[in-house]
């Protein structure tokens, strides 16, 4: 097969294009139109009713209208399919497009409601997009590798089984980077995904296809994965909400992955949505389905309404949050600092206490985690690339019109070193180090009880997910803030706060740089490069604290909306 991989890519891309109904192709805006967020509403493809459906971002409202047959699943799925196809033409966010299959499923849910007078389950009739890791029987799962073209799944993965049982309608799958281990989204098969707020910028990765699609309201709810920030980074860059759950809280069995068999830092799946209600509704629906009966690794833990109501956090009254202004590895850009200030002011106005978080051994945590994730010396990547002859992608920088600055290949090589194949014994030592770091961080967190005034340690940490907003392709090198959650196995959410404002987000004066990476990131920032791009933050809770983390994020989100005068009534 070696030497033919380009032809395989071209043929597969043609097959993808041919799966789009010709009447859904639109007249594209010029390439120099960077922000394409308003194209779906102006292109003329969607009817007024379809625009009403797809502009309804509250999942619970959509589900209510589906359950009463005010909206049929066929019309809702059609509306989102059309908008997803528009998003695809603008940002290249999709891989698998299966219109007939999705509409057949939607009709099944409508018929069930008509014939039985009740819904199939809590996600009845709801279109859901899936990252190109979640296998569906009879469909390819290519995951960004040329050698995986033609690899058709014999079975649905457990998540897809559960989604069907809940009444959902999987309707498209979304793009990923080759190897998955990038904070951007590009592969040789399907190409590069761009950010709909500014197509010169990346939507992040590895769930970048989901990020771009959901941001354009081409899907009411998407499912991505996260092993080093792959849910939170695209959600931050695209202005979305997400949940990074703890290891094995949600069912992963049957989904494909890179680094399969590596279990010290588990990849996890989570929802991505335009509202926090979507995150909660999805998570509760999956947990309520008893996923441990289908996936033996899932933690047997029912959805806890008490935890969601924050019984261990003072009932949600007079909480104490800690803000991580700087993790002492890289200092955040001015828009992130302003977002933290806004959040602090909003929480204090709502009656909560906010203190500063003191970073603890963050560089050690990063080094340990990255060494674990690279412990096979790139053998896994090279095996899948070698099967077709495609080259391993070593840079996300585009060949045409690249940004003049590159930050790639900085800290992983400088701090962790070049790829090295570690022995089993060496890997065990890394696992021991990680356990010790988790214990040390736990003790550090517990010690904050002396500062909170609540009789409890800090309820949650608020920090950037990335030190900057969406950046030009090839420049996303920061995973320091997200690696903390993956290595310590903390439940984390992402929530949007504001947008970059060139007038408000003036460059900070130079500071004493923590390292070369910190200096390079500082020099990257110019307000004119990022105007109007979303700015979000993550909320970090404890291990297996998904319900409480969602509940606390609702408090933060409501405080922000009230502070900005966005709450009605």
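Taking the criterion of being in contact with a helix residue (DSSP H, G or I) (Cβ under 7 Å, 6 or more places away or on another chain) and touching a residue at least 60 places away in the same chain (Cβ under 8 Å), the residues of the range 159-170 that qualify are 162, 166, 169, 170.
When residue 46 is tested against (1) touching a helix residue (DSSP H, G or I) at 6+ places or on another chain (Cβ under 8 Å); (2) crowded, with 17+ Cβ neighbours inside 10 Å; (3) part of a helix (DSSP H, G or I), just one condition goes unmet, and that condition is (3). Where helices (runs of 4 or more DSSP H) sit wholly within the range 135-252, those with at least 2 residues that are crowded, with 24+ Cβ neighbours inside 10 Å and more than 16 Å from the chain's Cα centre (by Cα) occupy 158-165. If residue 53 meets every condition in (1) surrounded by fewer than 20 Cβ atoms within 10 Å (Cβ to Cβ); (2) closer than 20 Å to residue 278 by Cβ; (3) touching a helix residue (DSSP H, G or I) at 6+ places or on another chain (Cβ under 8 Å) apart from one, which number is that one? Unmet condition: (1).
Among the residues examined, residue 487 qualifies as farther than 21 Å from residue 239 by Cα and either in a loop (DSSP other than H, G, I, E, B) or modelled with pLDDT of 95 or more (or both).
For residue 533, the test of being crowded, with 23+ Cβ neighbours inside 10 Å and in contact (Cβ under 8 Å) with a residue 60 or more places away in the chain is failed. Each residue in the range 66-100 was checked for being under 28 Å from residue 186 (Cα atoms), under 26 Å from the mean Cα position of the chain (by Cα) and assigned to a helix (DSSP H, G or I), and 16 pass. Condition first: under 19 Å from residue 196 (Cα atoms) and touching a strand residue (DSSP E or B) at 6+ places or on another chain (Cβ under 7 Å). Now tell me which residues in the range 64-84 satisfy that. Matches in the range 64-84: 80, 81, 84. For residue 501, the stated conditions do not hold, so it cannot be described as surrounded by 21 or more Cβ atoms within 10 Å (Cβ to Cβ), in a loop (DSSP other than H, G, I, E, B) and either free of Cβ contacts under 8 Å to residues at least 60 places away in the same chain or more than 23 Å from the chain's Cα centre (by Cα) (or both). Of all residues in the range 401-430, none that is on the phi > 0 side of the Ramachandran plot and surrounded by fewer than 11 Cβ atoms within 10 Å (Cβ to Cβ) has its Cβ atom under 7 Å from the Cβ atom of a residue that is in a loop (DSSP other than H, G, I, E, B) and at pLDDT 55 or above, 6 or more apart or on another chain. For the range 253-275, filtered to residues that are under 18 Å from residue 58 (Cβ atoms) and either part of a loop (DSSP other than H, G, I, E, B) or touching a residue at least 60 places away in the same chain (Cβ under 8 Å) (or both), the residue that is farthest from the chain's Cα centre (by Cα) is 275.
Applying the condition of being outside any loop (DSSP other than H, G, I, E, B) and touching a strand residue (DSSP E or B) at 6+ places or on another chain (Cβ under 7 Å) to the range 103-134 and asking which residue is surrounded by the fewest Cβ atoms within 10 Å (Cβ to Cβ) yields 105.
Quick check on my filter: what residues within the range 512-536 are assigned to a loop (DSSP other than H, G, I, E, B) and under 23 Å from the mean Cα position of the chain (by Cα)? Those that are assigned to a loop (DSSP other than H, G, I, E, B) and under 23 Å from the mean Cα position of the chain (by Cα): 530, 531, 532, 533.
Answer yes or no as to whether residue 203 is within 30 Å of residue 46 (Cα to Cα) and without any contact (Cβ under 8 Å) to a residue 60 or more places away in the chain. Against the criterion (within 30 Å of residue 46 (Cα to Cα) and without any contact (Cβ under 8 Å) to a residue 60 or more places away in the chain), residue 203 does not qualify.
Every condition in (1) surrounded by 23 or more Cβ atoms within 10 Å (Cβ to Cβ); (2) more than 22 Å from residue 177 (Cβ to Cβ) is met by residue 24 except one, and the failing one is (1).
Residue check: is residue 378 modelled with pLDDT of 95 or more and either within 25 Å of the chain's Cα centre (by Cα) or closer than 23 Å to residue 9 by Cα (or both)? Against the criterion (modelled with pLDDT of 95 or more and either within 25 Å of the chain's Cα centre (by Cα) or closer than 23 Å to residue 9 by Cα (or both)), residue 378 does not qualify.
Of all positions in the range 15-33, at least one carries a residue that is farther than 22 Å from residue 168 by Cβ, assigned to a loop (DSSP other than H, G, I, E, B) and touching a strand residue (DSSP E or B) at 6+ places or on another chain (Cβ under 8 Å).
The values are calculated or read from the model by the stated rules, or taken from the named source; none is laboratory data. Only a predicted model underlies this, so the values are computations on that prediction, with no experimental measurement involved. When we count neighbours, we look across all protein chains shown, and the Cβ atoms used for this are built from the backbone with ideal geometry, even at glycine.
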